[in-house]
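Chemist: My questions all concern the structure below.
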Amino acid sequence: MKKIFKFLGITLGLFFVILIIAPLLFKGQIKDMVKRFINENVNANVEFSDVSLSLLSSFPKAKVSVDDLVITNLEPFKDETLLSAEAIAFEMPIKELFKKANGGPLTVNGISIEQALLTLKTNTLGNVNYDISKSSESKNQDNINTNSFSFDVEDYSIINSTLTYLDESTGTKIHITELMHSGKGVFSETNSEIDTKTEAQISFGIDNTMYLQNNTIKLDALFGLDLKNSVFTFKENKGFINKLPLSFQGDVKLKDEGQDINIIFENSGSTFKDFLAVLPPQYAKDLDDITSSGTFKVNGKIEGLLSDKTIPNLDIAVSSNNASFKYPDLPKKVENISINAVLKNDDGIADNTYLDIKTLNFKIDQDVFKSSTTIKNLTKNMLVISAIDGVLNLGNISQAYPIDLDKDMSGILKGKLQLNFDLEALETNAFERIKSTGNLEVSDFVFSSQDVVNPIKISDASLTFNPKTVTLKSFNATTGNSDLDATGTITNLLGFLLSDGKLQGNFNVISNTFAVSDFMIEDTTDSNETTSEPESLKIPIFLDCTINANAKTVLYDNLTLK
């Protein structure tokens, strides 16, 4: 009996030694295997520092790790990095290590990717940087086996990685960081099922508008894979954008011309507080302590072909009725919040996607604000049709919402406006395409910027909007020791407010006292230059207008002029 145990001990010891030294013996063969896979399948520059083999950590399978992998593109994205990864590991049966170059496909059971940086890009010509797989024609020309790997994956993981997607043609940017993703399931050549878990931070924007900014997303999803018919089915799925829950179901079918998508989704039982959590962290602050009421609903359908020429039909609705919220450290409450908005596309043409905000209402104190807006032609020159009716006390905003402002806001805006314009018209001063009607009253408003020497305090102002111009019916203000009483016409008020345009128009200004020092700035010229003046007149850069002025008393230095 002792001899048997001794024999078993020696055998196990030898087996253990073999598991330790085998990776050293087969290291050259493993490198050849990895290089063979790369040469057969990838049309790009691929570099890696080392390839290692372990038989202990994943026994009874072998674990092959590729360290410091870097893939850079060829033309038209020459020398740009597509993928870098600290390590990519494959688990496979040990017998696969002994296959020769022409011995058939290698079977892989597990994949692990650590600290990867993946950048997917589409340039303005429609070229993509991720189409690096060799075509079947080029493979056959090299007399290479086109099925070098056979995936029988039991589990896989992506650890602490980053994904960036850039579409230069549409200005779309998606940035996913701190990505933790894992999946496991039952796989076959025809029907498979995979259970996945995902957590990451996501940012999403189009042009200069960010719709998501470092929002936390979580997703637990059960996918069905029909590889024979190229259909991917969402079975049991629940995700979170920050704290807003979403459940969805449907399928995606791969076709030669694109992806046929059929997905419906909704959130269940969400409060308005959950909606606030969707906002970027710099705007949604201290949510754990706020009190809120009311519900928030999101539901939608995405159905149709995603291809180079079409997008799926969209019907996404957002609604909230009689909601409210209040921060514990702020005195004001936002209440009577009503939201009713839809994002739609009915024909699959991307340019015809539109956003219809039928209702966006709220109340702070006794001030009620109501609005509705339709934005068409989202992907090109956006057309905006908006109606605004209500009162907005600027001083109450910071008392109801913890917003960070460079300068304190104060003043009351009261108006009823109808606006109709496109963004290109604002930028090019195409006044015939900018239509506005209604009126706006301003009281106790304080305006300050680097373009004015002293804050301008507007006691009251009244504007009437006409299709082509805006009439300044009254304007009473003070700045420093000066008073201003103005009337006139403004030709591009929307361009001044909504873009980088200058304020254009004709004004009649009356002043009882006009102190020139209120409009003078210290000269910043080097004091050693004898030609420098101690002060100069500050004309605001945003003004491009004609002014007819009548000043009863002008104070200039020590002079009093009548």
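The values are calculated or read from the model by the stated rules, or taken from the named source; none is laboratory data. A quick note: this is a predicted structure, and the numbers were derived from the prediction, not measured. Here the Cβ positions follow ideal geometry from the backbone for every residue, glycine too, while neighbour counts run over all protein chains shown. Each accessible area value is taken on the protein alone, full model and side chains, heavy atoms only, with ligands, DNA and RNA left out. Shrake-Rupley method; radii C 1.70, N 1.55, O 1.52, S 1.80 Å.
Chemist: Tell me the per residue accessible area of the stretch 389-453 using a 1.4 Å probe; a whole number in Å² is fine.
Modeler: Values: 3710 Å² over 65 residues.
Accessible surface, normalised per residue, equals 57 Å².
Chemist: If I model a spin label at residue 340 and residue 368 as a point 7 Å from the Cα along the Cα→Cβ vector, what separation in nanometres do I get?
Modeler: 1.5
Chemist: How large is the dipole of the stretch 340-471 about the Cα centre if only Lys and Arg carry +1 and Asp and Glu carry -1, each at its Cβ, rounded to the nearest 20 debye?
Modeler: Details: 13 positive and 18 negative charges, 70 e Å.
Result for the stretch 340-471 is approximately 340 debye, rounded to the nearest 20.
Chemist: If you add up the charges near residue 161, with Lys and Arg at +1 and Asp and Glu at -1, over every other residue whose beta carbon is less than 9 angstrom from its beta carbon, what do you get?
Modeler: Details: positive: none; negative: 114, 178.
Result for the local shell: -2.
Chemist: Further, regarding this structure: With Cβ to Cβ distances under 12 Å as the rule, what net charge do the other residues near residue 440 carry (K, R +1; D, E -1)?
Modeler: On the way: positive: 414, 416, 473; negative: 389, 441, 460.
Neighbour charge sum, excluding residue 440 itself: 0.
Chemist: Take the cross-link list 435/473; 332/416; 414/435; 255/309 and give me the ones stretching past 22 Å between alpha-carbons.
Modeler: Working: 435/473 19 Å; 332/416 24 Å; 414/435 20 Å; 255/309 14 Å.
Pairs exceeding 22 Å: 332/416.
Chemist: Looking at the stretch 225-332, which trypsin sites (Lys or Arg not before Pro) are DSSP coil and have at most 11 other C-beta atoms within 10 Å of their C-beta? Before the final figure, lay out the partial values.
Modeler: On the way: sites: 228, 235, 238, 243, 253, 255, 273, 285, 297, 301, 309, 326, 332; in loops: 228, 243, 285, 309, 332.
Passing sites in the stretch 225-332 are 228, 309.
Chemist: Can you send over the carbon and sulfur percentage of the accessible area for the stretch 220-268, probe radius 1.4 Å, protein chains only? Please list the in-between numbers first.
Modeler: Numbers: 1430 of 2800 Å².
C and S fraction of accessible area: 51 percent.
Chemist: Calculate what fraction, in whole %, of the accessible area of the stretch 281-429 sits on carbon and sulfur atoms when a 1.4 Å probe is rolled over the protein chains.
Modeler: On the way: 4170 of 8180 Å².
That share works out to 51 percent.
Chemist: Please tell me the relative contact order of the stretch 318-387 in percent, rounded to the nearest whole number, where contacts are Cα pairs under 8 Å and at least six residues apart.
Modeler: This gives 24 percent for the stretch 318-387.
Chemist: Would you mind getting me the FRET efficiency between residue 180 and residue 288? Use the beta-carbon distance for r and R0 = 22 Å, nearest 0.05. Show your work: numbers first, answer last.
Modeler: Details: r = 24 Å, r/R0 = 1.07.
Computed FRET efficiency for residue 180 and residue 288 comes out at 0.40.
Chemist: Quick check: pseudo-label points 7 Å beyond the Cα along Cα→Cβ at residue 506 and residue 414, how many nm apart are they?
Modeler: Those two pseudo-labels are separated by 3.1 nm.
Chemist: Identify, among 458, 445, 474, the residue whose Cα sits farthest towards the positive end of the charge dipole of the stretch 432-513, taking +1 on the Cβ of Lys and Arg and -1 on the Cβ of Asp and Glu, with the dipole about the Cα centre.
Modeler: The Cα lying farthest towards the positive end belongs to 474.
Chemist: Could you give the length gained by full extension between residue 43 and residue 255, i.e. 0.36 nm per residue of separation minus their alpha carbon distance, to one decimal place? Each step should come with its number before you reach the end.
Modeler: On the way: separation 212, 0.36 × 212 = 76.32 nm, distance 2.37 nm.
Separation in residues times 0.36 nm, less the Cα-Cα distance, equals 74.0 nm.
Chemist: Let me ask something else. What's the extension gain from residue 231 to residue 433 if we count 0.36 nm per residue and subtract their Cα-Cα distance? Show your work: numbers first, answer last.
Modeler: On the way: separation 202, 0.36 × 202 = 72.72 nm, distance 4.73 nm.
Between residue 231 and residue 433, full extension yields 68.0 nm more.
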